[in-house]
1. List pairs: first residue in segment 84-97 and assigned by TED's automatic domain parsing to the domain that holds Ile110 and modelled with pLDDT under 80, second residue among the hydrophobic types (A, V, I, L, M, F, W, C) and in a helix (DSSP H, G or I) anywhere in the structure, Cβ distance under 7 angstrom, at least six positions apart or on different chains.
2. Taking Gly80 as the residue in question, decide whether it is in the same structural domain as Val117 (by TED's automatic domain parsing), assigned to a helix (DSSP H, G or I), out of contact with any Pro (no Cβ under 7 Å at 6 or more places or on another chain) and within 30 Å of Phe116 (Cα to Cα).
3. Mind checking whether some residue in segment 93-103 is touching a Lys or Arg at 6+ places or on another chain (Cβ under 7 Å), aliphatic (A, V, I, L, M) and surrounded by 11 or more Cβ atoms within 10 Å (Cβ to Cβ)?
4. Among (1) under 25 Å from the mean Cα position of the chain (by Cα); (2) farther than 30 Å from Ser141 by Cβ, where does Gln52 come up short?
Amino acid sequence: MAVALAIDTLSHGDPASLSDAIDTLSGSLEPRARNALMQFSDASDNDSLKAQADAALVTIDQKIKFYKGLETLYFGLSLGSVLVLAAIGLAITFGVMGVINMAHGELIMIGAYTTFVIQQLMPDHIGLSILVSIPAAFIVSVWSVLPSNVE
């Protein structure tokens, strides 16, 4: 609510309230707040308020850059964990059989990909997606090795 009021104040307000509105919006990551500050900065004739709005935009851009870095780190760790699980599966297969059989790695990756896809289809239900994706991964993996000429 404070962000909405600050955006409204930017469109029409006295310099003191404009300064407070810019301060309120400077910590916001909402695109509407950033767009309002950019429009205000482009249209403002007051040099001090324009400088304050530009500083607020720099602060927002730094926060966006920081959170994008965290997002990249999280996605990298997530993808890395899937690849490590596949490597562990291949290592276990090699330890038991003494041979690396790429078919086993393929089964592991088919199961992992099935789990990933189902979790992406149910982003708001993480707990339920795990309960659905694990049996689905098993079924898809088993189905992929069945002979295609079964009559």
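The values are calculated or read from the model by the stated rules, or taken from the named source; none is laboratory data. Quick caveat: nothing in here was measured; it's all calculated off a predicted structure. Cβ coordinates were reconstructed from backbone atoms using ideal geometry, including for glycine residues, and neighbour counts include every protein chain displayed.
1. If the second residue must be among the hydrophobic types (A, V, I, L, M, F, W, C) and in a helix (DSSP H, G or I), the pairs left are Ala86/Ile108; Ala86/Met109; Ala86/Ala112; Gly89/Ile108.
2. Working: in the same structural domain as Val117 (by TED's automatic domain parsing): yes; assigned to a helix (DSSP H, G or I): yes; out of contact with any Pro (no Cβ under 7 Å at 6 or more places or on another chain): yes; within 30 Å of Phe116 (Cα to Cα): yes.
Spelling it out, Gly80 is indeed in the same structural domain as Val117 (by TED's automatic domain parsing), assigned to a helix (DSSP H, G or I), out of contact with any Pro (no Cβ under 7 Å at 6 or more places or on another chain) and within 30 Å of Phe116 (Cα to Cα).
3. No, that holds for no residue.
4. Condition not satisfied by Gln52: (1).
Table: residues versus (1) farther than 24 Å from Tyr67 by Cα; (2) small (Gly, Ala, Ser); (3) without any contact (Cβ under 8 Å) to a residue 12 or more places away in the chain; (4) in a helix (DSSP H, G or I).
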| residue | (1), (2), (3), (4) |
| --- | --- |
| Ala16 | yes, yes, yes, yes |
| Ala21 | no, yes, no, yes |
| Ala33 | no, yes, no, yes |
| Gln52 | no, no, no, yes |
